[in-house]
Amino acid sequence: LDFATDKAAPSDEERARAKRSDDLCEFGEHRFIRSCLELPVIGGPADGVWVSQTSYDEYVDHRSELRRFLDGPYFGWFASALPLWPNSVQLKTRVHVRPPPQLPVIELEPTDHPLAVAQREGISLARFGERALAHLHR
C-alpha cells in the first residue's frame, strides 16, 4: 500500500520484495501489524486487519514477551480497505497490545466514519453478515 498515492494493489514485483509473516509485514518503508478490529454485533461474533504503527520496532522487540500487553497503547494508521465500508485506509487508531498469542486490538479514533460509529455503537447481525460475506468473497 502506498499511502502517498492510495495505491491499494502492489505490483507482482513489489509483492516479491515484501517481507511478511503471520502477524507482521514490511513493505518498502511501511511496517504493518496484523490486528483485530472488534465490532460489537447486536444480537451476535471477526478476522484480522492490518494497521501501520509508528512503534513497529518496539512492538517487534517485545511481541514474544508475556508482559507485552502492559506496553502501549500505540498510535497507528488503519491500513486495510474493507469491502462495503467507505475508505477506511488511514483512519487514526490506538493499538492495544494483548498477551500472546492474541493479536493486538484496534480502537478507531471516535469520528463520524461509519466504521468508527459501528465500533462504538455496534452493528446488526444482518449488516455484519453482509459485510463478512463481502470480505470473504473479495
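Distance between the pseudo-spin-label points of A81 and A132 (7 Å out from Cα toward the beta carbon): 2.4 nm. Taking amide H atoms as placed 1.01 Å from N in the peptide plane, the amide H of R31 lies under 5 Å from those of Q53, each 5 or more residues away in sequence or on another chain.
Read-outs: derived from the displayed coordinates by stated rules, not from any lab. Values in this document were obtained by computation on a predicted structure and should not be read as measured data. Positions of Cβ are backbone-derived with ideal geometry, glycine not excepted, and every protein chain shown enters the neighbour counts.
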